[in-house]
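Each remark here refers to the structure printed beneath this line.
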Amino acid sequence: MRPGCVLVFCMCISVFLHCAISQPPTETDTYTECTDGYHWDQQTQHCKDINECETIPEACKGEMKCFNHYGGYLCLPRSASVIPAPEPPNQIHPSLENTASQPFNPCPPGFEPQGDSCVDVDECEQDSHDCQPSQQCFNTEGSFSCQCPDGYRKVGTECIDIDECRYRYCQHRCVNVPGSFSCQCEPGFQLAGNNRSCIDVDECGMGAPCSQRCYNTYGTFLCRCEQGYELGPDGFACNDIDECSYSSYLCQYQCVNEHGKFSCVCPEGYQLLGTRLCQDINECETGAHQCSDGQTCVNIHGGHKCANNKSCQEPYVQVSDRCTCPITKPGCRDMPYSVVHRYMSITSERSVPSDIFQIQATSVLPGAYNTFRIRSGDDNGDFYIRQINNISAMLVLARAVNGPREYVLDLEMVSVNPLVSYHTSSVLRLTIYVGPHAF
């Protein structure tokens with residue numbers, strides 16, 4: 001057939017279509033029905049997409065999340081990453097399009113006339129495709145295709161991230177990122193050449209900080225020492241073994257290292273008990289003291305003290321074993337009524353808190369309410385009082401103390417009877433000697 005005949009035939013069809021489209025529309029030409037997933041919008045007179053995620057209660061169950069898309073919806077995991085697509089043009093019934101404003105194209109869809117033949121339209125080059133910005137357009141014969149980047153899969157018109165970690169690609173740990181993933185290994189391992197498997201690291205061959213022997217194990221390493229050495233606190237260094245320094249429990253005071261054995265010695269004022277313990281020598285019982293007849297020998301850790309039997313100071317007077325302050329003396333008005341002297345000895349570095357002395361009231365008036373306190377002598381807060389009941393309390397060592405040291409504490413019991421407006425107090429003057437050692 002000659003080309004001239006083809007053009008005449010096309011012109012006849014064009015005239016016929018123009019006459020048909022130019023006819024005024026009748027009432028039957030009005031279309032209000034839309035395809036599934038769309039509804040007729042009276043305002044725009046176009047079909048509009050239905051958002052099923054809003055209209056359908058609980059459209060997706062469990063841990064799935066609803067994503068609306070054109071003509072339907074998707075149920076995807078909540079961790080899914082979705083690249084949203086732009087809103088598509090509203091649906092318009094083909095019979096309502098203004099075809100009169102467009103030139104007649106005798107070629108199939110996706111082609112355009114060029115001379116006497118039809119050639120493919122490159123929608124990607126002409127930017128007449130509807131691929132999303134994140135997608136790549138590929139031209140095909142008579143059409144085009146939209147492809148997602150690596151690490152994404154296409155669902156409808158959207159690109160959704162592929163969670164590669166769900167497929168257990170990694171041996172140890174998998175970290176999913178948009179469009180990709182990475183594998184990580186536990187400490188003591190390194191990533192193999194396939195970037196997925198984990199292999200053990202030979203720390204011994206890579207300069208492990210062991211000073212003598214190194215043993216590689218699965219995922220870690222161990223340091224060991226030669227005979228006569230012990231592993232240091234850091235787990236790497238090897239230190240020479242000295243029997244005396246190997247254990248602090250060999251001797252209570254001092255260890256003397258010898259060839260093949262050791263011996264224990266005690267400080268002055270102590271004697272060896274067995275082979276390793278030190279015992280205080282009671283000079284008051286052995287008579288190895290220099291106290292006079294008017295003094296009392298007080299044994300303390302590592303020595304002794306001589307305390308005067310009469311130690312009352314004005315305005316107090318000696319009454320039996322205590323000092324009293326008569327209420328008839330003006331100077332006794334704000335002073336405790338009685339003072340009793342007591343002595344005790346404790347070791348250094350005693351564990352705290354520690355109960356060291358119990359205070360007990362010898363007499364209590366009916367209806368009296370008693371409270372106990374440290375009146376003086378505890379300037380550094382090394383002690384505190386814990387009241388047990390109305391007639392007794394406990395002196396507690398609050399902080400570890402080192403000797404030799406001496407405390408003189410005035411422990412006061414205050415008695416109050418609000419019914420008869422009665423108020424008085426008495427003091428126990430406790431002298432505490434702290435020994436020079438922890439035994």
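All of the numbers you see were taken from the coordinates with simple rules; none came from a lab. This structure is a prediction, so every number in the text was calculated from the model and none was measured.
Over the chain, what is the relative contact order in whole percent, taking alpha-carbon pairs under 8 Å and six or more residues apart?
7
Mind sorting out which of (i) 26.0; (ii) 53.1; (iii) 21.1 is the real mean projected area of the Cα convex hull in nm² computed from the coordinates?
Correct label, based on the coordinates given: (ii).
Please list, in order along region 311-324, the HN-Hα scalar couplings obtained from phi with the Karplus expression 6.51 cos²θ - 1.76 cosθ + 1.60 (θ = phi - 60°), rounded to whole Hz, x for Gly and Pro.
For region 311-324, the Karplus curve yields 10, 6, 10, 3, x, 7, 10, 6, 10, 6, 9, 9, 9, 10 Hz.
For region 337-399, rounded, prolate or oblate, judged on the Cα gyration tensor with a ≥ b ≥ c (square roots of eigenvalues), a/c < 1.5 rounded, else prolate if a/b > b/c?
Prolate, since a/c reaches 1.5 and a/b exceeds b/c.
Name the residue, out of F357, F221, F189, whose mean-square fluctuation peaks in a Gaussian network model built on the chain with Cα pairs under 10 Å.
F357
Which value in Å does the Kirkwood hydrodynamic radius of region 99-175 take, with 1/r averaged over all unlike C-alpha pairs and then inverted?
Over region 99-175, the inverse of the mean reciprocal pair distance is 15.6 Å.
What residues have an amide H closer than 5 Å to that of H437, excluding those fewer than 5 places away on the same chain, when H is modeled at 1.01 Å from N in the peptide plane?
S348
Across region 161-176, in residue order, what do the Karplus-derived ³J(HN,Hα) couplings come to in whole Hz, using 6.51 cos²θ - 1.76 cosθ + 1.60 with θ = phi - 60° and x for Gly and Pro?
4, 8, 7, 5, 5, 5, 9, 6, 6, 9, 6, 9, 10, 10, 10, 7
5 Å is the cut-off here: which amide hydrogens, built 1.01 Å from N in the peptide plane, fall below it relative to N402, excluding neighbours closer than 5 in sequence?
The list, which skips near neighbours in sequence, is E349.
Per q in 0.19, 0.20, 0.23 1/Å, what log10 I(q)/I(0) does a Debye calculation on the alpha-carbon atoms of region 260-355 return?
Log10 I(q)/I(0), no solvent term: -0.98, -1.02, -1.12.
Let me check I have the definition right: for region 192-252, take the eigenvalues of the Cα gyration tensor, multiply each by 5, take square roots. What are those semi-axes in whole Å, largest first?
35, 11, 7
Tell me whether region 311-434 comes out rounded, prolate or oblate; compute the Cα gyration tensor, take square roots of the eigenvalues as a ≥ b ≥ c, and use a/c under 1.5 as the rounded threshold.
oblate
Using only the Cα atoms of region 159-285, each taken as one equal point scatterer with no solvent, compute I(q) by the Debye sum, divide by I(0), and report log10 of the ratio at q = 0.19, 0.22 Å⁻¹.
Rounded to two decimals, the profile gives -1.02, -1.14.
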